[in-house]
Amino acid sequence: MVEKIKILELVNGALEGTDKFLVNLKITPDNRIFVDIDGDNGVNIDDCIAISRAVESQLDRDEEDFELNVGSAGADMPLKLPRQYRRHIGRDLDVTTFDGEHLEAELVDSDSDGITLRTHATKKVAAEEHRLAYKDIKAARVVIKF
């Protein structure tokens, strides 16, 4: 089986010096490698190809067969890292806490400790700000509006 630590080192090496970063790495028992990346300015197909080529060039298929899949952390994927939150300031998030609280609100701030959300005002309810620590967030997704 392909060693996760080796793949992690290769991916991080390929990302070094870019605004891209690793969000998720998964290796299945049958050596299917899934790498999800994100970037401060987004990710495009050329970014995925470059990372894939850089990692694949350091692996030997004769030594161990594998399948490598590099993709972007899509808009439908939950946010996992503080760096991802900063990129989405000004957008609405759908957030669930470990306490079961559910908020759909605008992300107005993100720092090293957590996020600040502002609910939308209605005719009956004023806008409110909510501060959440990252450790209290069970899931957070960007709300996609059409």
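When Arg61, Arg53 are checked against the criterion of being outside any helix (DSSP H, G or I), free of Cβ contacts under 8 Å to residues at least 12 places away in the same chain and more than 30 Å from Glu106 (Cα to Cα), a single residue qualifies: Arg61. Taken as a whole, the condition of being assigned to a strand (DSSP E or B), under 23 Å from Phe21 (Cβ atoms) and of a type outside the set (D, E, K, R) does not apply to Ala105.
Considering the conditions (1) farther than 21 Å from Lys145 by Cβ; (2) touching a Ser or Thr at 6+ places or on another chain (Cβ under 7 Å); (3) not small (Gly, Ala, Ser), Val108 is excluded by exactly one of them, (1). Can you name the residue in the stretch 1-35 that is acidic (Asp, Glu) and over 18 Å from Ser57 (Cα atoms) and, of all such residues, is surrounded by the most Cβ atoms within 10 Å (Cβ to Cβ)? Per the criteria, the residue is Asp19.
The set of residues from the stretch 114-124 being surrounded by 18 or more Cβ atoms within 10 Å (Cβ to Cβ) and more than 24 Å from Asp19 (Cβ to Cβ) comprises just one member, Leu117. Among the criteria (1) of a type outside the set (Gly, Ala, Ser); (2) part of a loop (DSSP other than H, G, I, E, B); (3) modelled with pLDDT of 95 or more; (4) surrounded by 17 or more Cβ atoms within 10 Å (Cβ to Cβ), the one Asp99 does not fulfil is (4). Among the residues of the stretch 77-96, those identified as part of a helix (DSSP H, G or I), open to solvent by 20 Å² or more (accessible area, probe 1.4 Å) and without any contact (Cβ under 8 Å) to a residue 60 or more places away in the chain are Pro82, Arg86, Arg87.
Checked against (1) part of a loop (DSSP other than H, G, I, E, B); (2) out of contact with any strand residue (DSSP E or B) (no Cβ under 9 Å at 6 or more places or on another chain); (3) within 30 Å of Ala133 (Cβ to Cβ), Gly74 meets all criteria but (2).
Residue by residue, here is whether (1) in contact with a Ser or Thr (Cβ under 8 Å, 6 or more places away or on another chain); (2) in contact (Cβ under 8 Å) with a residue 60 or more places away in the chain; (3) of a type outside the set (Asp, Glu); (4) surrounded by fewer than 17 Cβ atoms within 10 Å (Cβ to Cβ) holds:
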| position | (1), (2), (3), (4) |
| --- | --- |
| Ser112 | no, no, yes, yes |
| Ala126 | no, no, yes, yes |
| His130 | yes, no, yes, yes |
| Asp136 | yes, no, no, yes |
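Filtering the stretch 1-46 to residues that are charged (D, E, K, R), free of Cβ contacts under 8 Å to residues at least 40 places away in the same chain and assigned to a strand (DSSP E or B) leaves Lys20, Lys26, Arg32.
The values are calculated or read from the model by the stated rules, or taken from the named source; none is laboratory data. Remember, predicted model here, so these are calculated numbers, not experimental data. Methodologically, a virtual Cβ is constructed for each residue, glycine included, from the backbone with ideal geometry; neighbour enumeration extends over all protein chains shown. Surface areas here come from the heavy atoms of the whole protein model, side chains and all, with no ligands, DNA or RNA. Shrake-Rupley method; radii C 1.70, N 1.55, O 1.52, S 1.80 Å.
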